[in-house]
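> Once you've had a glance at the structure underneath, I'll fire off some questions.
The values are calculated or read from the model by the stated rules, or taken from the named source; none is laboratory data. Everything numeric in this text was worked out from a predicted model, so none of it was measured. Cβ: placed from backbone, ideal geometry, glycine included. Neighbour counts: every protein chain shown.
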Amino acid sequence: MKKRGILNTQLAGYIAALGHKDLFLIGDAGMPIPKGVPIVDLVLCGGIPSFEQVLSAVLDETEVEYYYLADEIREKNPKLLNYIQECLPDINSEKMPHDELKAFTKNVKFAIRTGEVTPYPNIVLRAGVTF
């Protein structure tokens, strides 16, 4: 039995299968996921698990080289933006209008749905390499 880290078998498997430059989404409870994109649905109820909890757990097990956010997070959720930037220091990023980010998610390998219910807590992460 796995002892620590992500214990959700579906999510652990998707993370283990990531290759360099693969994209994946961590989104809020209401983020639309394009048809055909596999979803790891972690939602229990509003706010559980939080975006922050999921991002922290995922980053403990995943090498990330770049990320994408919605422009609107700057104004509508600056606290969460600050948290993301603290978790991903020195990692380049790109911001785009939320509608463009939603369309961009058609490129993700899988999506993780959190219980987050604050504005614009959606991030597309690009897998890096550890060597």
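> Modelled with pLDDT of 95 or more, on the phi > 0 side of the Ramachandran plot, surrounded by fewer than 14 Cβ atoms within 10 Å (Cβ to Cβ) and of a type in the set (D, E, K, R), is that true of residue 106?
no
> Would you check which residues across segment 52-92 are of a type in the set (Gly, Ala, Ser) and surrounded by 17 or more Cβ atoms within 10 Å (Cβ to Cβ) and list them?
57, 70 - these are the residues of segment 52-92 that are of a type in the set (Gly, Ala, Ser) and surrounded by 17 or more Cβ atoms within 10 Å (Cβ to Cβ).
> Going residue by residue through segment 9-23, is there one that turns out to be touching a residue at least 12 places away in the same chain (Cβ under 8 Å) and within 23 Å of residue 98 (Cβ to Cβ)?
yes
> Any chance you could count how many residues in segment 30-51 are among the aliphatic types (A, V, I, L, M), farther than 14 Å from residue 124 by Cβ and either surrounded by fewer than 19 Cβ atoms within 10 Å (Cβ to Cβ) or without any contact (Cβ under 8 Å) to a residue 60 or more places away in the chain (or both)?
4
> Considering segment 1-27 alone, what residues qualify as being exposed (fewer than 11 other Cβ atoms within 10 Å of the Cβ), assigned to a loop (DSSP other than H, G, I, E, B) and of a type outside the set (Gly, Ala, Ser)?
Once the filter is applied, which keeps residues that are exposed (fewer than 11 other Cβ atoms within 10 Å of the Cβ), assigned to a loop (DSSP other than H, G, I, E, B) and of a type outside the set (Gly, Ala, Ser), segment 1-27 yields 1, 2, 3, 4.
> Tell me, yes or no, whether segment 71-82 has at least one residue that is touching a strand residue (DSSP E or B) at 6+ places or on another chain (Cβ under 6 Å), at pLDDT 95 or above and among the hydrophobic types (A, V, I, L, M, F, W, C).
no
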